[in-house]
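Q: Handing you this structure, nothing more for now.
The values are calculated or read from the model by the stated rules, or taken from the named source; none is laboratory data. This one's a predicted model, so the numbers in the text were calculated from it and none came from an experiment. Cβ placement follows ideal geometry from the backbone for every residue including glycine, while neighbour counts extend to all protein chains displayed. All accessible areas refer to the heavy atoms of the entire protein, side chains included, with ligands and DNA or RNA removed. Shrake-Rupley method; radii C 1.70, N 1.55, O 1.52, S 1.80 Å.
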Amino acid sequence: MRVHHEKLEVRTHGKGLYEITEKVHSKIDSYGVRNGTVTVFVQHTSCSIVIMENADPTAQGDLEEFFNRLVPEDADYFTHSSEGTDDMPSHIRMVLTRTSETMPIADGKMQLGTWQGIFLFEHRRAPHQRKIFVTIMGE
Amino acid sequence: MRVHHEKLEVRTHGKGLYEITEKVHSKIDSYGVRNGTVTVFVQHTSCSIVIMENADPTAQGDLEEFFNRLVPEDADYFTHSSEGTDDMPSHIRMVLTRTSETMPIADGKMQLGTWQGIFLFEHRRAPHQRKIFVTIMGE
Amino acid sequence: MRVHHEKLEVRTHGKGLYEITEKVHSKIDSYGVRNGTVTVFVQHTSCSIVIMENADPTAQGDLEEFFNRLVPEDADYFTHSSEGTDDMPSHIRMVLTRTSETMPIADGKMQLGTWQGIFLFEHRRAPHQRKIFVTIMGE
């Protein structure tokens, strides 16, 4: 059994979901790992990793709208606002979702369900370059 | 160190928690793994994996009621509704909880705390057959 | 590739974040693992593990206030209240956050981003002794 790390970078341009599923698949393929796990970890506190339906873009728009209402930018009790009104909400949205996700690899393939995709979930308005670690453990 | 995969299927009949703790314990026992981790991954976008108190059923009812209020089925801004009013809420509830969970195995036993149980958290009203990957890594 | 388990205990005194980043770093150092993963798992259902901004304490106060409003202690529909008004909210806050988190280890170091810290997120008012498993897998 071996461990392999790969880095991904994702350029974001505003709040919402950015799919990285194919990039993760290709990292696994490049190592020829047959059985194990792959862990995706994002090195930031203002964006997340989530698994989400990847077929219908209306689901992604509704998700974004839900989070905008759940964590409003104009909450009058926020004191951490040095970087703008989307600063504190970005940390809360991150805490409510995930920083890492671990998926099984079997028969040489990441075992996602039919409708599952892996996404970087951006919580900031401004463009960002996001860094992700992909760790493949297996044999 | 080796990796073992097992599949679980859970038949659900409406929203709420379905405990799978004993099934995961028995998969670990069957391989005789002494030290490592076990990762439980659900292959769907409309149900989740959560760890929850397993002693008092009133806690599970309150949890379900909280999520019904947090993500109401009749939110007027949802556009992703082709499969019914519980469709979009099911994706949001999944994003707010977890698709995978990783637990330590030490001395041949999964190291849950006294009150912890592992549950599939169903977010759809209709019956579903849910598929779960259990990945045991260890020695 | 080997697996190493370590236990951490954290003494809490009320709701909020308690940083454990340095303790996790030192466990990794003590084994000299160069490449792999570290999984932090908390053995309770009324506190969580989260990654959060570790630079500005105002962000931690705002996070606590957000959760107090999202999961109010005086919700009139809670029935699981035998241990007090913060009992059921503590389980909900745990389900909305995380019980485990997995971080990459590369070049002998846990690969957190610049602003990321690992925290125990306490959801109970009374003091508690919290037990955490730190599992290091690698070579």
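Q: Just a yes or no: is a residue in the range A:36-48 at pLDDT below 95 and either among the hydroxyl-bearing types (S, T, Y) or in a helix (DSSP H, G or I) (or both)?
A: For the range A:36-48, residues at pLDDT below 95 and either among the hydroxyl-bearing types (S, T, Y) or in a helix (DSSP H, G or I) (or both): absent.
Q: Could you grab me the full set of residues in the range C:114-123 that are open to solvent by less than 10 Å² (accessible area, probe 1.4 Å) and either among the aromatic types (F, W, Y) or more than 13 Å from C:K23 (Cβ to Cβ) (or both)?
A: The answer is C:Q116, C:F119, C:F121, C:E122, C:H123.
Q: For the range B:62-77, how many residues are farther than 14 Å from B:R125 by Cβ, surrounded by 13 or more Cβ atoms within 10 Å (Cβ to Cβ) and at pLDDT 95 or above?
A: 5
Q: Does the range A:107-116 include one or more residues that are more than 26 Å from C:M94 (Cβ to Cβ), under 17 Å from the mean Cα position of the chain (by Cα) and charged (D, E, K, R)?
A: no
Q: For A:G84, which of the numbered conditions (1) in a strand (DSSP E or B); (2) at positive phi fails to hold?
A: The number of the failed condition is (1).
Q: So A:A126 ticks every box in (1) out of contact with any strand residue (DSSP E or B) (no Cβ under 8 Å at 6 or more places or on another chain); (2) of a type in the set (G, A, S); (3) open to solvent by less than 10 Å² (accessible area, probe 1.4 Å) but one. Which box is left unticked?
A: Of everything listed in (1) out of contact with any strand residue (DSSP E or B) (no Cβ under 8 Å at 6 or more places or on another chain); (2) of a type in the set (G, A, S); (3) open to solvent by less than 10 Å² (accessible area, probe 1.4 Å), A:A126 misses just condition (3).
Q: For the range A:1-29, which residues satisfy the criterion of being part of a helix (DSSP H, G or I) and polar (S, T, N, Q)?
A: A:T21, A:S26
Q: With B:M110, B:M103, B:M52 as the choices, which residue is touching a residue at least 12 places away in the same chain (Cβ under 8 Å) and closer than 30 Å to C:R69 by Cα?
A: B:M52
Q: In the range B:113-123, which residues are more than 7 Å from chain C (Cβ to nearest Cβ) and in contact with a strand residue (DSSP E or B) (Cβ under 7 Å, 6 or more places away or on another chain)?
A: B:G117, B:I118, B:F119, B:L120, B:F121, B:E122, B:H123
Q: If we keep just the residues of the range A:92-101 that are touching a His at 6+ places or on another chain (Cβ under 9 Å) and either open to solvent by 10 Å² or more (accessible area, probe 1.4 Å) or of a type in the set (A, V, I, L, M, F, W, C) (or both), which is farthest from the other protein chains (Cβ to nearest Cβ)?
A: Ranking the qualifying residues of the range A:92-101, first place goes to A:M94.
Q: Looking at C:E22, is it free of Cβ contacts under 8 Å to residues at least 40 places away in the same chain and either under 15 Å from C:R130 (Cα atoms) or away from chain B (no Cβ under 13 Å) (or both)?
A: Answer is yes for this residue.
Q: Right, another one. Please find, among A:F78, A:F133, A:F66, the residue that is within 11 Å of chain B (Cβ to nearest Cβ) and either in contact with a strand residue (DSSP E or B) (Cβ under 8 Å, 6 or more places away or on another chain) or of a type outside the set (S, T, Y) (or both).
A: Residue meeting the stated conditions: A:F66.
Q: What are the pairs with Cβ atoms under 7 angstrom where one residue, in the range C:28-44, is open to solvent by less than 50 Å² (accessible area, probe 1.4 Å) and the other, located anywhere, is assigned to a helix (DSSP H, G or I)? Sequence gap at least six, or different chains.
A: The qualifying pairs are C:V38/C:V24; C:V38/C:I28; C:V40/C:V24.
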